[in-house]
Every structure is written in structure tokens, then in C-alpha cells.
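Written below as C-alpha cells is the structure these notes are about.
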Amino acid sequence: MRRFCDDPNLDRSPYERLRQPNQNLPMTYSVTSRSYLQRMKTRMAENTNESLVYAALEFRCGVEARLKEYIQTIDHIPKAQKKEWAVAKLGRSLQSAYRTGDKMMVFTIVFPEDGAELQLLYTPVTKRLQDIAQRAGDFLHALREELADQPGWWHEFRQILHEGYPLLELANSGELIGLPLLHRPTKRIDMRAVLLEGDSRYPLVSRLQAGCQHILHVAYIDPIPGTFTYYEG
């Protein structure tokens with residue numbers, strides 16, 4: 001997985017070079033939101049009561065991590081808020097900065113030279129996902145003995161995680177980890193995104209990094225109230 005983002009040396013380029021991972025640093029436990037999500041999926045597939053507890057921990061951390069991945073890209077948010085761990089507080093900080101609520105946003109970058117288009121998606125950590133993460137956190141306490149033998153308690157726990165998993169996967173499906181913002185002094189776009197290795201859009205990213213002329217279009221997708229049916233690809 002690679003990232004591209006704005007270059008702090010604005011006199012050189014509006015976009016920073018692709019960041020290469022440091023191959024010398026071992027990654028024994030990845031702490032990206034996507035990694036938490038994958039471990040949650042593995043635990044849930046074990047289909048035991050014990051595995052649900054560990055799945056809930058991975059889920060709760062995954063939601064917090066995704067919020068922080070977004071918040072870390074926003075320069076004007078105070079450092080103290082960026083270090084926060086409470087999902088509700090992180091969610092409020094993000095909403096205060098972007099004020100986009102639960103809207104998904106599709107950014108289409110058009111290169112007038114030949115009409116080529118680069119499309120990038122922003123998927124929010126929805127209010128419902130934040131609420132489920134907090135509810136899952138409530139289950140991560142020492143369990144009273146009388147509850148441990150109640151199938152209904154475990155069923156409720158499992159249902160919470162089954163609803164939360166696709167919402168967290170949706171939140172991780174967008175490439176953008178920060179909304180594109182205009183840098184007024186240079187009139188260039190500050191953009192941060194993550195693309196998978198081998199993504200066919202890399203040539204277009206290279207054109208952005210080279211400073212090619214482009215036009216940015218934005219489309220908003222409003223969420224439909226209620227639950228949705230999830231189909232894993």
C-alpha cells in the first residue's frame with residue numbers, strides 16, 4: 001500500500017512523492033484501521049464466544065484508528081485532540097473540521113489535456129459506526145458469571161459486531177484519508193490518499209505530482225436511513 005499527499009515544499013510540487021515503506025522496520029502487528037478490520041474478520045470466522053471478545057477489541061480499535069487516520073491529516077486540529085482515544089470525541093473533532101456528516105464524497109480530477117479522469121472516494125466514519133464502536137466497548141469489561149451462560153447476551157454481542165463490520169469496511173473503502181483542500185497562496189490542491197500496490201491509477205497520480213493542469217469535480221452521496229444489506233466482494 002502506498003500513499004501520496006501534498007508536498008510541504010510548495011515551491012517544488014503540489015504533491016509529495018510516493019512514500020516508500022521502510023523495509024528495515026519489522027511490522028509484527030500493524031495498527032492501521034484496515035489491519036484491525038482484517039483481524040476482526042478472522043476472529044469472527046472462528047465462531048466462538050471467546051473469539052467475539054477479541055473481535056470486538058479489534059473492531060473498537062479499528063474505528064478509533066480510522067478516525068485518527070482522518071484527523072491526523074487536518075493541520076488545524078490541536079495535538080491534544082489528535083491524541084484522544086474516545087470515539088465520540090474523535091468523531092466530534094472530525095465533524096467540526098469537515099462538517100460533512102455521513103456523506104460519501106466522490107472527487108473526480110479531470111486533465112483537460114486529454115480528458116483523462118482520476119476518481120477518488122472519501123468514505124466517512126458514520127455516526128452509526130461510532131455508536132456501535134462505543135456499544136462494543138461496553139462489552140469489553142469483566143463479564144458477570146450469570147451473563148456468561150446466557151445465550152441471549154452472546155447473541156446481542158454477535159449482532160452488534162455483525163452490523164459494525166461492514167460499516168467499518170465501508171469506512172476503509174475510500175482512497176482519500178483527508179478531504180482535498182485548496183492551498184490559497186499557490187492555488188493548488190492539498191490531497192492525501194492511499195492506493196494499493198499496482199493500482200492502475202498510478203500514472204494519473206504521477207501527472208498530479210508533476211503539476212499537470214487539472215479540474216476538480218465533487219459529487220456527494222447522502223446515506224439512506226436505516227440498515228443496509230452487505231455483500232462481501
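The values are calculated or read from the model by the stated rules, or taken from the named source; none is laboratory data. These numbers were taken from a predicted model, which means no experiment stands behind them. Don't worry about glycine lacking a Cβ; one is built from the backbone with ideal geometry, like all the others, and counts go over all protein chains shown. In case anyone asks, the SASA skips ligands and DNA or RNA and just uses the protein heavy atoms, side chains included. Shrake-Rupley method; radii C 1.70, N 1.55, O 1.52, S 1.80 Å.
Miscellaneous remarks
- Paramagnetic reach from THR32 in region 188-214 [backbone N under 20 Å; point 7 Å along Cα→Cβ]: 191-206
- Total formal charge among the other residues, if their Cβ is under 15 angstrom from that of LYS79, Lys/Arg +1 and Asp/Glu -1: +2
- Rounded if a/c under 1.5, otherwise prolate or oblate - region 39-130, Cα gyration tensor axes: oblate
- The calculated FRET efficiency for ILE221 paired with ASP131, based on their beta-carbon distance and R0 = 22 Å, is about 0.60.
- Paramagnetic reach from LEU143 in region 27-48 [backbone N under 11 Å; point 7 Å along Cα→Cβ]: 48
- Taking all protein chains together and rolling a 1.4 Å probe, HIS155 ends up with roughly 100 Å² accessible.
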